[in-house]
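**Student:** One structure, as structure tokens, below. Some questions next.
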Amino acid sequence: MSTILAIETSTELASAALLHQGELISRESAGAQTHSDSILPMIQQLLAEAGIPLSRCDALAFGVGPGSFTGVRTACGVVQGLAFGIDRPVVPVVTLEAAAQACRAAHPDVVEVLPILDARMGEVYWARYRAGDDGGWDMLAEPALSAAGQVGTAGKPVACGNGLAVYAAHFTPDFCAGEFAAAYPQFMPHARHVASLGLFHFAQGRALPAQEAQPLYLRNKVALTTAEREQRDALKGAA
């Protein structure tokens with residue numbers, strides 16, 4: 001079986017996992033401000049526990065986003081650097097799919113899952129997945145960014161993710177009972193699920209050369225506003 005190292009830093013919880021010889025081990029660290037400091041030591045601990053060098057990994061998986069801009073950049077940058085060093089491919093895993101995988105790990109009978117993650121600024125990231133016969137997920141609705149009230153809930157899927165709790169004023173108990181088969185705000189992206197999905201995608205031939213890895217951003221307007229601000233400051237400096 002392939003050996004997969006995975007990291008996930010798109011939320012306030014940073015995590016790393018190693019899937020080796022069918023065994024999955026992981027580490028995690030809370031606090032979004034420390035992700036860049038904590039992720040490499042966690043990786044070193046995992047490799048030491050498994051008794052293998054980084055070069056034994058067949059591929060490196062990471063939570064590609066959407067999520068914290070800093071977090072997904074951190075994951076992408078760390079994985080690229082490590083993968084370049086050992087000449088291995090990378091496997092991007094959408095964080096919403098990882099949340100769906102967390103839900104399925106606890107409730108194996110789920111069929112359709114609607115992960116809803118807090119995107120700050122009064123919005124959520126969401127997508128919709130159906131459990132595939134091959135052990136993967138079929139995407140029914142692509143990752144999107146919207147207000148909580150614009151999330152597509154038709155068909156009573158199982159909902160998961162911290163967006164349910166953060167926007168509890170919209171996702172009330174009565175609303176959830178009427179729109180969802182079940183609601184689990186505790187299920188979030190974690191490197192354990194990035195690793196299992198990474199193994200699946202790697203086996204399906206979906207790995208990429210390290211240089212092709214790109215974070216998945218959905219909030220383009222924030223990036224545009226930053227660019228506009230930089231342009232404004234440059235113009236001021238030239239005046």
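The values are calculated or read from the model by the stated rules, or taken from the named source; none is laboratory data. Everything numeric here is computed off the predicted structure, so don't read it as measured data. Positions of Cβ are generated from backbone atoms using ideal geometry, with glycine treated the same way; all protein chains shown enter the neighbour counts.
**Student:** Being hydrophobic (A, V, I, L, M, F, W, C), modelled with pLDDT of 95 or more, in a loop (DSSP other than H, G, I, E, B) and not assigned by TED's automatic domain parsing to the domain that holds Leu197 narrows it down to one of Val124, Val110, so name that one.
**Tutor:** Only one candidate passes the filter, namely Val110.
**Student:** Yes or no: the stretch 70-80 includes at least one residue that is assigned to a helix (DSSP H, G or I) and more than 23 Å from Leu5 (Cβ to Cβ).
**Tutor:** No: the stretch 70-80 contains no residue that is assigned to a helix (DSSP H, G or I) and more than 23 Å from Leu5 (Cβ to Cβ).
**Student:** Taking interchain pairs and intrachain pairs at least six residues apart, which have beta carbon atoms under 6 angstrom, with the first residue in the stretch 144-166 and assigned by TED's automatic domain parsing to the domain that holds Ala119 and the second assigned to a helix (DSSP H, G or I)?
**Tutor:** Thr153/Glu179; Cys160/Ala99; Cys160/Cys103; Gly161/Ala99
**Student:** Being modelled with pLDDT of 95 or more, in contact with a strand residue (DSSP E or B) (Cβ under 7 Å, 6 or more places away or on another chain), over 16 Å from Glu12 (Cα atoms) and among the small types (Gly, Ala, Ser) is the requirement here; does Ala100 meet it?
**Tutor:** yes
**Student:** Only residues that are loosely packed, with under 14 Cβ neighbours inside 10 Å and either within 20 Å of the chain's Cα centre (by Cα) or hydroxyl-bearing (Ser, Thr, Tyr) (or both): list them for the stretch 138-152, please.
**Tutor:** Answer for the stretch 138-152, where residues must be loosely packed, with under 14 Cβ neighbours inside 10 Å and either within 20 Å of the chain's Cα centre (by Cα) or hydroxyl-bearing (Ser, Thr, Tyr) (or both): Asp138, Glu142, Ala147.
**Student:** May I ask you to say which residue of Gly198, Gly205, Gly178 is modelled with pLDDT of 95 or more, in the same structural domain as His35 (by TED's automatic domain parsing) and not in a loop (DSSP other than H, G, I, E, B)?
**Tutor:** Gly198
**Student:** Would you check which residues across the stretch 166-183 are in contact with a strand residue (DSSP E or B) (Cβ under 8 Å, 6 or more places away or on another chain) and farther than 18 Å from Val110 by Cα and list them?
**Tutor:** Answer for the stretch 166-183, where residues must be in contact with a strand residue (DSSP E or B) (Cβ under 8 Å, 6 or more places away or on another chain) and farther than 18 Å from Val110 by Cα: Val166, Tyr167, Phe171.
**Student:** If you scan the stretch 153-166, which residues turn out to be farther than 8 Å from Leu114 by Cα, surrounded by fewer than 24 Cβ atoms within 10 Å (Cβ to Cβ) and under 20 Å from the mean Cα position of the chain (by Cα)?
**Tutor:** Result: Asn162, Ala165, Val166.
**Student:** Considering only residues that are touching a residue at least 40 places away in the same chain (Cβ under 8 Å) and either outside the structural domain of Gly198 (by TED's automatic domain parsing) or hydrophobic (A, V, I, L, M, F, W, C) (or both), look in the stretch 15-44 and name the one that is nearest to Phe69 (Cα to Cα).
**Tutor:** Ala16
**Student:** Could you list all residues from the stretch 47-68 that are more than 30 Å from Arg120 (Cβ to Cβ) and either in contact with a Cys (Cβ under 6 Å, 6 or more places away or on another chain) or without any contact (Cβ under 8 Å) to a residue 60 or more places away in the chain (or both)?
**Tutor:** Leu47, Ala48, Glu49, Ala50, Gly51, Ile52, Pro53, Leu54, Ser55, Arg56, Cys57
**Student:** Test each condition in (1) crowded, with 22+ Cβ neighbours inside 10 Å; (2) at pLDDT 95 or above for Gly71 and report the one that comes out false.
**Tutor:** Going through the list (1) crowded, with 22+ Cβ neighbours inside 10 Å; (2) at pLDDT 95 or above, Gly71 breaks only (2).
**Student:** If you take just the strands (runs of 3 or more DSSP E) that sit entirely in the stretch 1-61, which of them hold at least 1 residues that are β-branched (Val, Ile, Thr)?
**Tutor:** 4-8, 23-30
**Student:** Let me ask something additional. Is one or more of the residues making up the stretch 18-31 at pLDDT 95 or above, under 25 Å from Ala144 (Cβ atoms) and crowded, with 23+ Cβ neighbours inside 10 Å?
**Tutor:** no
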